[in-house]
1. If you scan segment 110-122, which residues turn out to be surrounded by 11 or more Cβ atoms within 10 Å (Cβ to Cβ) and free of Cβ contacts under 8 Å to residues at least 12 places away in the same chain?
2. Based on this model, can you work out whether N41 counts as out of contact with any Leu (no Cβ under 6 Å at 6 or more places or on another chain) and either farther than 30 Å from D11 by Cβ or at pLDDT 90 or above (or both)?
3. Output the number of the condition that I83 fails; it satisfies all remaining conditions of (1) of a type in the set (A, V, I, L, M); (2) modelled with pLDDT under 85; (3) part of a helix (DSSP H, G or I).
4. Can you name every residue in segment 69-100 that is surrounded by 17 or more Cβ atoms within 10 Å (Cβ to Cβ), within 23 Å of the chain's Cα centre (by Cα) and not β-branched (V, I, T)?
5. Among residues belonging to segment 87-127 that are touching an Asp or Glu at 6+ places or on another chain (Cβ under 8 Å) and not in a loop (DSSP other than H, G, I, E, B), point out the one that is modelled with the highest pLDDT.
6. On the basis of being aromatic (F, W, Y) and either in contact with a strand residue (DSSP E or B) (Cβ under 7 Å, 6 or more places away or on another chain) or not in a helix (DSSP H, G or I) (or both), does F57 make the cut?
7. Given (1) of a type outside the set (A, V, I, L, M); (2) in a helix (DSSP H, G or I); (3) touching a residue at least 12 places away in the same chain (Cβ under 8 Å), identify the lone condition not met by F47.
8. Those residues that are touching a residue at least 24 places away in the same chain (Cβ under 8 Å) and either among the hydrophobic types (A, V, I, L, M, F, W, C) or part of a loop (DSSP other than H, G, I, E, B) (or both), I need them from segment 6-43; list them, please.
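The values are calculated or read from the model by the stated rules, or taken from the named source; none is laboratory data. Please read these numbers as outputs of a predicted model, since none were measured by experiment. When we count neighbours, we look across all protein chains shown, and the Cβ atoms used for this are built from the backbone with ideal geometry, even at glycine.
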Amino acid sequence: MQLVLGTLWKDLLLAGALGGVGGIGLGLLQEKGLEMPHWHNETGVNFADLGFIADIFIGALAAVIVYALNPPAGILQLVSSGITAGIGGSAILKGYVKGTAVREQASRAEMYRKAAADASKGVDVKDRLEELENADKQVMRRWGPR
């Protein structure tokens, strides 16, 4: 393996720093811009949202992984792959998390639709609605407000 800066640690540190820059770039590209860290206290669910700091960490991690899987041949390749991995790593992870949450919410919506159809036929759906409300609370705890 050819090292760009002479030592593996320097290469990994530079890759991580460039990935962090890519994470900031992703934050700037988003509709809301850089999201500041804050606490969510909605519907009884309390959690910290690290905002753009999370993008920096995820971008750095993605860049280090890309470096480990595909070591660059030169400084230009290290810079371009590090920044690109930082932008893409954060975006891919955010897309996956949001997509998973949306699929769970769509599943719950379908269950509510079936319960409403049964209720319109005169079927007692009280127990099913209580079960769905408990499932909704679990989804809120797991994914937070959407």
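1. Result: K114, A116, A117, D118, A119.
2. Yes.
3. Against the list (1) of a type in the set (A, V, I, L, M); (2) modelled with pLDDT under 85; (3) part of a helix (DSSP H, G or I), I83 comes up short only on (2).
4. Across segment 69-100, the qualifying residues are S81, G82, A85, G86, G88, G89, S90, A91.
5. Filtering first and then ranking leaves R108.
6. It is false that F57 is aromatic (F, W, Y) and either in contact with a strand residue (DSSP E or B) (Cβ under 7 Å, 6 or more places away or on another chain) or not in a helix (DSSP H, G or I) (or both).
7. Going through (1) of a type outside the set (A, V, I, L, M); (2) in a helix (DSSP H, G or I); (3) touching a residue at least 12 places away in the same chain (Cβ under 8 Å) one by one, F47 breaks only (2).
8. Correct list: L12, L14, A15, A17, L18, V21, I24, L26, L29, T43.
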